[in-house]
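Data first, discussion second: the structure below is written as structure tokens.
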Amino acid sequence: MFSFPSELIRWPGARVVQSARAVVPTVADQSSAVQLNHSSQQLGTALGDLRSAVNRAREACGGLELDSAADLIRSLKLELEAFHRAAERAQLRPLPGETAESTSLQLGSTSKNVGFAMAQLLSAAAQGNENYTGIAARNTSTSLKDLTKAVRGVAATTNNRDTQYKYGKEWEYMRWYGHVMRIEEKMSKIMMEMKYEGKRLQRRPRKIWEKQITETGWKQLIVMRTIINSADAVMDRSLILIEEAWEALQNPDRPNNAQNLAQVAKDVSQALNKCVGCLPGQKDVDESINSISDASQILATGEFPHTNKSYGQLQQELNSAAAHLNDASSDVVSSVRSPTQLATTSRNFSSAFGDLMGVSMEMAGQTKDVEVQGQMVVSLKNVSMVSSTLLVTAKSVAADPSAPNAKNQLAAAARAVTDSINYLVDVCTSAAPGQKECDNAIRNIQSMRPLLENPNEPVNEATYFECLD
């Protein structure tokens, strides 16, 4: 709609007028100062007229803004299809200045802007305000345009260039396979469908071309489509939201308007979360969280592995695993700015947690005291919980580093992991053979300390000679 570019002109023009009026007193040439003042007044008047015209146009064409937003979203779907075709052939290349880090941050911020615009559209449509609904729809379509650009950048700057190259070859394989299957009577089709008799040599058979197509071709296709398909799903849900907003404006007395808008908004939010989840590193973090959750399920069974290692050897392994997990948590905190590094550090963190879990379970299996064994299980569950919290926090901070209090939350989650590890080590140390007897002896010795500090104070009514007896 023409009012949108007009508004883009208004704000820079207003700043020009403001700057010109500020500069006029500093111009030494009188005629130039008069001409500059007169020109700035004319520009200010023209901008005022433009603002009035825009407001009248918006009132007259309020419903068209929803149509314009829907048309823009449909054009963005066509762009995503073009990106998809380029990715299929491994021809999607990053634009100048685009990196994996910058595009990931851009996708996180633009998805947040889309969420804000969607919330404004939902509120305006629920109130039946046609003017604000049109503005919110326009802002939504603009944010989705930025989201599409960020999705293209993420897909083009993937670090797995070998995967794109291999997929390009697989795409050519599949094209040739389709060509061969469509032809009628050709030697290539006869050779492909021919069944050979006899025995092979005693070694692993080479993977035939047709099997390579069926096993790997479509798997690569699924991998490359993920980010673009998730963005396309966001566009589809957004179109439905625009349509629901239009229906709510046309039928304000319909009883299920609020319910329909809320359901569509929920679908859009889920699609946005799925899109952000396709960022490099996000999927690896999710896999690490699931791995930690699966490992923690073993604690609920109450079964502990048997080992032939001594408790002292297990204690050394526990200290080493605890230090490794603590270092891995620090690496996760320091890598949230880089999607590639976050993917690596999250996998290392999950592996370190598995090592700590295995050693702790072996120590719990050797512990005869049921109470101490229960404390070890509880401390392990605590380590599992705070470890998952750290990865969830790192995932959210990586998607939106500018979120308020994000760094403090990440640092607090890392400290919680360190505290839980220290408590686990203390509990396991107290369960060592003879540790309880040593602790009792130390407490008995410490209880005699007040007597040694005050040797002149009697401890009973007995005399010196009675004490000797």
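Rolling a 1.4 Å probe over the protein heavy atoms of the range 230-351, with every protein chain left in place, gives an accessible area that is 47 percent carbon and sulfur. Selection among P252, G277, S238 by position relative to the dipole of the range 238-278 gives G277 as farthest towards the positive end (Cβ unit charges, Cα centre).
Simple rule: put +1 on each Lys or Arg Cβ and -1 on each Asp or Glu Cβ in the range 292-395, find the dipole, and look at M385, V372, G302; the Cα lying farthest toward the positive end is M385.
Rolling a 1.4 Å probe over the protein heavy atoms leaves F116 with an accessible area of roughly 120 Å². Here the label points at L64 and A119, each 7 Å from Cα along the C-beta direction, are separated by 3.2 nm in the simple model. Taking label points 7 Å from Cα along the Cα-to-Cβ direction, R93 and D369 give a separation of 6.8 nm.
Look at where the Cα atoms of the range 247-318 and of the range 89-163 average out, and the two centres are 23 Å apart. Among the trypsin sites (Lys or Arg not before Pro) found in the range 18-96, those both in a DSSP coil and sparsely packed, with 16 or fewer other Cβ atoms within 10 Å of their Cβ, are R89. Accessible area per residue for the range 85-160, computed on protein heavy atoms with a 1.4 Å probe, is 43 Å². Tally up the carbon and sulfur contribution to the accessible surface of the range 28-115 as a whole percent, 1.4 Å probe, everything protein left in place. Within the range 28-115, the accessible surface is 54 percent carbon and sulfur.
Across the cross-link table entries K77/K283; K283/K407; K266/K381; K381/K407; K112/K381; K283/K309, which are compared at the Cα atoms, the separations over 29 Å belong to K266/K381; K112/K381; K283/K309.
For the range 226-380, the solvent-accessible area works out to 48 Å² per residue, with a probe of 1.4 Å and every protein chain left in place. Extending 7 Å from the Cα toward the beta-carbon at both A412 and S102 defines two label points whose distance is 3.4 nm.
The apolar share of the surface of the range 369-436, taken as the fraction of accessible area on carbon and sulfur atoms (1.4 Å probe, ligands and nucleic acids excluded), comes to 58 percent.
The values are calculated or read from the model by the stated rules, or taken from the named source; none is laboratory data. Just so it is clear, the structure is predicted and the values come from calculations on it, not from any experiment. Quick reminder, even Gly has a Cβ in these numbers, built from the backbone with ideal geometry, and neighbours come from all protein chains shown. Side chains are part of the model used for accessible areas, which takes the heavy atoms of the whole protein and leaves out ligands, DNA and RNA. Shrake-Rupley method; radii C 1.70, N 1.55, O 1.52, S 1.80 Å.
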